[in-house]
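Bear in mind that the values in this text are calculations on the coordinates, not laboratory data. Worth saying up front: this structure is predicted, and the values here are computed from it rather than measured. A quick note on method: Cβ atoms are made from the backbone with ideal geometry, for glycine too, and the neighbour counts reach across all protein chains shown.
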Amino acid sequence: MKKQVFAIVLFFSLLGVIQAQETTKRESAAGIKGGYNLAAVSYDGDGETGQRHGFHIGVYGESFINDNFSIQPELLYSQQGYEIKNSNGTFTQMLNYINVPIMFKVYPTDNFFIEVGPQVGYAISHKEKFDSSFNLFDTSQEFDPNSFDYGVNFGGGFKTDSGVSMGVRYHLGLGDIYDDGSPNNRVWHFSIGFDL
């Protein structure tokens, strides 16, 4: 009996999805986006470092399943890392990635959306820099981070009927940047996008 009830519920759920797809009014679109990053790193889960200011820029494609749900893969260049200031100077880790997030978006109203999804990233450049008050102690050195990063994104925003979107997203990095200390990326993204 339980199997029959489950089969009936599954059938009507699939029927509802098919009907929703047939009545979709929203059009899928591709676009460009960019914005401001506030990036930090968490070590061993014991709080975060100071933030590095940066930016992100890239492209996206949004495909609507129905009027309330869409899937949005993206390809982004993103400046990440962190900054620590003390009385001796400023230490900056500059990590730049090519990221591929795949966002699942829900539109509870016509223009407001919330989103969640996985992200993988590839480190394309990395440098650590220490600026002291004495030029003699300034250093700039290239280290070797793990090439791949992964994590989860959470966010929300607003998209106009003309295809202009504004959003805020938080990236919770789950992959270790280095093998020691379990450092993970933490990034706030503030974006604006334009459907093409």
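Please list, in chain and number order, the residues 5+ apart from S28 or on another chain whose amide H is under 5 Å from its amide H, with Hs placed from the backbone.
The list, which skips near neighbours in sequence, is F64.
How much length, in nm to one decimal, is gained on full extension between F148 and F55, taken as 0.36 nm per residue of separation minus their Cα-Cα distance?
Length gained, F148 through F55: 31.5 nm.
Label T109 and L75 with points 7 Å out from Cα along Cα→Cβ: what is the distance between them in nm?
So the label points at T109 and L75 sit 3.5 nm apart.
Any chance you could list P(r) for the stretch 27-195, counting all Cα-Cα pairs in 5 angstrom bins from zero, rounded to whole %?
Once binned at 5 Å, the Cα pair distances of the stretch 27-195 give 2, 9, 17, 21, 16, 12, 9, 7, 4, 2, 1, 0, 0.
Provide the net charge surrounding P118, with neighbours chosen by a C-beta distance below 15 Å and charges set as Lys +1, Arg +1, Asp -1, Glu -1.
Details: positive: K105, R169; negative: E74, E115, D149.
Counting the neighbours of P118, the net charge comes to -1.
Taking neighbour Cβ counts within 10 Å as the exposure measure, how do R169, R26 sort from fewest upward?
In order of increasing Cβ crowding within 10 Å: R26, R169.
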